[in-house]
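Here's the structure, in structure tokens; my notes come after.
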2 protein chains.
Amino acid sequence: MAALSYRSEALLKTLIERYISDGQPVGSRTLAKQAGLELSPATVRNVMADLEELGLISSPHTSAGRVPTARGYRVFVDSLIKVRPLNVTELRHIEGELGASQDPQQLVETASALLSQVTRLAGLVMAPKAEQAVFRQIEFLTLSANRILVILITLDGRVHNRIIQAERAYSAAELVEASNYFNRAFAGMSLTDVKSALLAEMQRDSEAMQAAVRIAMDMARGIFAHEPGEGAELVVKGEANLLNIPELGDVHKLRKLLDAFSTKHDLLLLLDQCMRVNGVQIFIGQESGYLALEECSVVTAPYRVDGQVVGTLGVIGPTRMAYDQVIAIVDVTARLLGGALSADGRA
Amino acid sequence: MAALSYRSEALLKTLIERYISDGQPVGSRTLAKQAGLELSPATVRNVMADLEELGLISSPHTSAGRVPTARGYRVFVDSLIKVRPLNVTELRHIEGELGASQDPQQLVETASALLSQVTRLAGLVMAPKAEQAVFRQIEFLTLSANRILVILITLDGRVHNRIIQAERAYSAAELVEASNYFNRAFAGMSLTDVKSALLAEMQRDSEAMQAAVRIAMDMARGIFAHEPGEGAELVVKGEANLLNIPELGDVHKLRKLLDAFSTKHDLLLLLDQCMRVNGVQIFIGQESGYLALEECSVVTAPYRVDGQVVGTLGVIGPTRMAYDQVIAIVDVTARLLGGALSADGRA
DNA sequence: TTTAGCACTCGACCTCAAAGAGTGCTAAAT
DNA sequence: ATTTAGCACTCTTTGAGGTCGAGTGCTAAA
């Protein structure tokens, strides 16, 4: 796209800012006054016509002003926006809340609640992926003849548990032996590595295997029989904030959105993509590729524990949102959550 | 209240049924036809006037028909309604879903999802109260110097974990000893009993206590430092269903309702009350005593594990709901969830 | 006690006109 | 070559006025 003249940019910027702040289509008269350039409405109208031709703004009908299009917002966030750093009170607030707990599960919840609270949008946090967590300890407990409760503890202090249906009944002694084997062989490995180590083990001649190992293999089948993506967990908070936004007044769209929240599948996919990208990322309108998010924007950032990206968080709201603030909030929250999780497990 | 004549009852019943099924105020003409009594609209009008005087129905404005009031619904569900048993397909469906898992946490989620799915309202399940669960085993794990991960497993196969801040650092050996003490002393007791046993223990001369016991006491302080009511966990599903109901078209009310869902506090209180009552219970409109539930009704039923009431479940929806079906669904789901949870932990 | 008849009320819906906002185009001004 | 004033035009919003239909309450007759 050809570079915009300084004037076009300035006008586009003010138009979008104005529209974000009061939600009304912006007319040439208003814009001329607001922009601070000494221009007449007529001149502004010419520029607006150009911007419309470029697909950056559009007009709901003849006698309304102009509103930004998705492409307009794109240009805005890419090159026009000036991110506004959080004020100290807010920062303190977030720090305080995230410092209050040390339970990683709790922290993830808190972070999501914070995001929704501070931005007044819906908060999303994808919990650290289980596969990346480091194996620490495993326990097997017999619930009934063939049903065994497996408790897997990872280094970050998270506890994962599931019930598996065993092929045959195991004695308590057998289970102790099996868990000993696990704990000895895999401590300190990431779960992904544990998985592949187990797989490799199974390839070998099973005749030669010790009983304990064989039982462990049996268990493993049950434990790691996750569907892909199921290892991730999504925490959504503040859905109710989306009720306020008039763009979604259309009940049908809102419904689709809330359904997406309860399914979580699509959102997880989206957040998962963001893990591979560095820093804050923004999806405007259809850019996310999911229909349910049509009128929405998603602002995300990955968060790191000990330098390693382990998850993503963000917010979701109407395309018309205060990007300058939201970007800062998401960014800061990602850092602080990462920090809080890193502090865990150490002194 | 004076007993209603047969005719009044019949007309009230038909009026409410009609209103529930199509949501429009019901006029005398329609009602006369529908009721099956050979009455003229004029007669029906007289009866309606009486019912209005009794506060059972009311008219939105002069030239609309009548709609039931909360009191009207009350009479309806108390003495007029004929509960309609589920059809076989639905029953099979619920049985199937609740039979598929054995994980109690999972079962609670499923039950809530089922309730919302089948009734097309919002489903609520209050998970079995932790205090009533039976102690089975406890494990202590050092996360860092003073931070200890406590994993508490109850007989029903649920895993509760929390991180506590210890007063001083404990060695691994000390922790093993402490957990041994716990497991030996408390296996098979309900958590409430464990709590009071611990309290009693603390009363005694602490000089005489063994080191292990003293440490265990220390732990206990952290573990059982729940606020009352926090032991309970509420699972809400299908909030999105509430978007469809025109009575809540008023965005403001809907907002309050969704906020109540995320706070969960009031709802827990309400469900908690229901544990003490036998069978299905219905709160219509303001009867629940919570403002946020103004235009809503809540239908609940406690569920039992081994004859013991351990939790409550139900649905929440507009006062205008198909009570005859909803009651049956809630009732059945409570039984089946109880059954599924009871089957757990045994052969 | 029930019913037919009737006047009356009130919301839903339509149309019409006026007002207001904002545009695009043209022609003059810089 | 830009910029601007002027103006005709378009389209939404608002409110007034009017009709229609649904449903009521009352009265008087059955």
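Summary of values
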quantity: Yes/no for B:L107 being touching a residue at least 24 places away in the same chain (Cβ under 8 Å) and either within 14 Å of chain A (Cβ to nearest Cβ) or within 16 Å of DNA strand D (Cβ to nearest atom) (or both); calculated: yes
quantity: Hits in region A:133-149 - residues which are crowded, with 20+ Cβ neighbours inside 10 Å and touching a residue at least 40 places away in the same chain (Cβ under 8 Å); calculated: A:A133, A:F135, A:R136, A:I138, A:E139, A:F140, A:I148
quantity: Hits in region A:255-274 - residues which are surrounded by fewer than 20 Cβ atoms within 10 Å (Cβ to Cβ), in a helix (DSSP H, G or I) and without any contact (Cβ under 8 Å) to a residue 40 or more places away in the chain; calculated: A:R255, A:K256, A:D259, A:S262, A:T263, A:H265, A:D266, A:Q273
quantity: Check on B:R92, surrounded by fewer than 20 Cβ atoms within 10 Å (Cβ to Cβ), of a type outside the set (A, V, I, L, M, F, W, C) and free of Cβ contacts under 8 Å to residues at least 12 places away in the same chain; calculated: yes
quantity: Among (1) away from DNA strand C (no atom under 16 Å from the Cβ); (2) surrounded by 15 or more Cβ atoms within 10 Å (Cβ to Cβ) - the single one B:L31 does not satisfy; calculated: (1)
quantity: B:D78 vs. criteria open to solvent by 20 Å² or more (accessible area, probe 1.4 Å), within 12 Å of chain A (Cβ to nearest Cβ) and either at positive phi or of a type outside the set (A, V, I, L, M) (or both); calculated: no
quantity: Tabulated pairs, region A:39-63, first at positive phi, second more than 9 Å from DNA strand C (Cβ to nearest atom) and not aliphatic (A, V, I, L, M), C-beta under 7 angstrom, 6+ apart or interchain; calculated: A:G55/A:T69; A:G55/A:R71
quantity: Sole residue being within 20 Å of B:D22 (Cα to Cα), at pLDDT below 95 and not polar (S, T, N, Q), chosen from B:P60, B:P68; calculated: B:P60
quantity: Residue satisfying condition, being modelled with pLDDT of 95 or more and under 30 Å from B:E9 (Cβ atoms), within set B:S40, B:S28; calculated: B:S28
quantity: Filtered residues of region A:32-58 (kept if touching a Pro at 6+ places or on another chain (Cβ under 7 Å) and within 16 Å of DNA strand D (Cβ to nearest atom)); calculated: A:A32
quantity: Sole exception among (1) touching an Asp or Glu at 6+ places or on another chain (Cβ under 7 Å); (2) within 14 Å of chain A (Cβ to nearest Cβ); (3) charged (D, E, K, R) for B:E167, by number; calculated: (2)
quantity: Selection within region B:105-147 - touching a Gly at 6+ places or on another chain (Cβ under 6 Å), of a type outside the set (A, V, I, L, M) and at pLDDT 90 or above; calculated: B:S112, B:S116, B:G123
quantity: B:R320 buried (at least 19 other Cβ atoms within 10 Å of the Cβ), of a type outside the set (S, T, Y) and either touching a Gly at 6+ places or on another chain (Cβ under 9 Å) or assigned to a helix (DSSP H, G or I) (or both); calculated: yes
quantity: So B:T62, is it outside any helix (DSSP H, G or I) and within 16 Å of DNA strand C (Cβ to nearest atom); calculated: yes
quantity: Any pair with Cβ under 7 angstrom, 6 or more apart, that starts in region A:307-334 at a residue that is touching a residue at least 40 places away in the same chain (Cβ under 8 Å) and ends at one that is of a type in the set (K, R); calculated: A:V310/A:K129; A:V310/A:R304; A:G311/A:K129; A:D324/A:K82; A:D324/A:R84; A:Q325/A:R84; A:A328/A:R84
quantity: Leading residue by the ranking (farthest from the other protein chains (Cβ to nearest Cβ)) among those in region A:122-132 that are open to solvent by less than 10 Å² (accessible area, probe 1.4 Å) and of a type outside the set (V, I, T); calculated: A:M126
quantity: Members of region B:34-58 that are out of contact with any helix residue (DSSP H, G or I) (no Cβ under 7 Å at 6 or more places or on another chain) and near DNA strand C (Cβ under 10 Å from one of its atoms); calculated: B:E38, B:A42, B:T43, B:N46
quantity: Evaluation of B:A100 against (1) within 13 Å of DNA strand D (Cβ to nearest atom); (2) of a type in the set (A, V, I, L, M, F, W, C); (3) within 14 Å of chain A (Cβ to nearest Cβ) (one fails), failing number; calculated: (1)
quantity: Residues satisfying the stated conditions in region A:291-313, i.e. surrounded by fewer than 22 Cβ atoms within 10 Å (Cβ to Cβ) and outside any strand (DSSP E or B); calculated: A:L291, A:A292, A:E294, A:E295, A:D306, A:G307
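The values are calculated or read from the model by the stated rules, or taken from the named source; none is laboratory data. This structure is a prediction, so every number in the text was calculated from the model and none was measured. Cβ sites come from the backbone with ideal geometry, for glycine too, and all protein chains shown count toward neighbours. What goes into the accessible areas is simple: the full protein's heavy atoms, side chains included, and nothing from ligands, DNA or RNA. Shrake-Rupley method; radii C 1.70, N 1.55, O 1.52, S 1.80 Å.
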